[in-house]
Amino acid sequence: MMMQEHADVRNLLFRISSGDQLAFRILFCAYSPKVYSFALRLTRSDSMAEEVVQDIFLKIWINRESAVTIEQFSAYLFTITRNHIFNLLKKVATEATAKNRLSKELSEAHRETEETILYRESQQILNQVVSNLPPQQKLVYSLCHNEGLKYEEVAQRLNISRLTVKTHMQQALRTIKSHFTGE
């Protein structure tokens, strides 16, 4: 029985190598369920298993001229199916990793863009509030925050007391804070 089956497969392979489509259909009908069940076991996906069956038999048809050189068709079929599935799973894993990485990068870029926009808007509002401060408060605030001077340095530059600088800064900061907090 086994010898007859082997001879039948060899005959089909010989016919397929000559381009016999009927022989190919017979081979496909006989072996595609085995390829499908093996692929389903490894991929756990009906659609991937179906894709594997199509890809494997397409390879056989494309390389049909060399079909006559196949000695053990079942072993050959198992090997090319296994290799194809491993390559397919590796590709799927790589795509999933790339997709996750891209999603993370896009999310970070979106967050950074959002933060940049919020920062610019806040900076514009702050500049507007500072520009509406009384002249002395605006000058003291600008010297302390924009130029980074200490209260003592501002007092010397403007020829006012350190306590006056502190008072102007407190009033300016209170105005700015109330604008942002709505108090």
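The values are calculated or read from the model by the stated rules, or taken from the named source; none is laboratory data. Model, not experiment: these values are computed from the prediction. Cβ: placed from backbone, ideal geometry, glycine included. Neighbour counts: every protein chain shown. Please note that ligands, DNA and RNA were not included when accessible areas were found on the heavy atoms of the full protein model with its side chains. Shrake-Rupley method; radii C 1.70, N 1.55, O 1.52, S 1.80 Å.
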| request: Calculate the length of the line joining the C-alpha centroid of the stretch 82-138 to that of the stretch 23-54, in whole Å. | output: 44 Å
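Looking at the stretch 94-183, which trypsin sites (Lys or Arg not before Pro) are in a loop (DSSP not H, G, I, E or B) and have at most 14 other Cβ atoms within 10 Å? Please report the intermediate quantities before stating the final value.
Details: sites: K99, R101, K104, R111, R120, K138, K150, R157, R162, K166, R174, K177; in loops: K150.
Hits after loop and neighbour filter: K150.
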| said: Give the lysines reachable from K177 as a straight Cα distance under 18 Å; neighbours fewer than 8 places away on the same chain don't count. | reply: K138, K166
| note | Phi angles of the stretch 125-130, converted by Karplus (6.51 cos²θ - 1.76 cosθ + 1.60, θ = phi - 60°) into ³J(HN,Hα) in whole Hz with x for Gly and Pro, give 5, 4, 4, 5, 5, 4
| note | Residue span F180 to E153: 0.36 nm per residue of separation minus Cα-Cα distance leaves a gain in nm of 6.9 nm
| query | Can you tell which of L173, L13, L77 shows the greatest fluctuation in a Gaussian network model of the chain with Cα springs below 10 Å? | reply | L173
| task | Run down the lysines and flag those whose C-alpha is under 16 Å from the C-alpha of K91, throwing out any fewer than 8 positions away in its chain. | result | K99
| said: If you fit an axis through the alpha-carbon atoms of helix 162-181 and take the longest principal axis of the Cα set of the chain, what angle between them do you get, 0 to 90°, nearest 10? | reply: 40 degrees
| task | Would you mind checking the radius of gyration and Dmax of the stretch 36-109 based on alpha-carbon positions, in Å? | result | 16.5, 57
| Accessible area of Y36, 1.4 Å probe, to the nearest 10 Å²? | 60 Å²
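At 222 nm, what helix-only mean residue ellipticity would the chain give, in deg cm²/dmol to the nearest 500, using -39500 (n - 2.57) for each DSSP H run of four or more? Intermediate values should be presented prior to the final figure.
Details: 7 runs with 150 residues, N = 183.
The helix contribution divided over the chain gives -28500 deg cm²/dmol.
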| What is the diffusion coefficient of the stretch 96-183 in µm²/s, taking the Kirkwood radius over Cα pairs and the Stokes-Einstein relation at 37 °C with a viscosity of 0.692 mPa s? | 213 µm²/s
| field | Among V53, V68, V140, residue whose mean-square fluctuation peaks in a GNM of the chain (springs only between Cα atoms under 10 Å) | value | V140
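Could you work out Rg/(2.2 N^0.38 Å) for the chain, with Rg from alpha carbons only? Spell out each step's value before the answer.
Working: Rg = 38.6 Å, N = 183, 2.2 N^0.38 = 15.9 Å.
So the Cα radius of gyration is 2.42 times the expected 2.2 N^0.38 Å.
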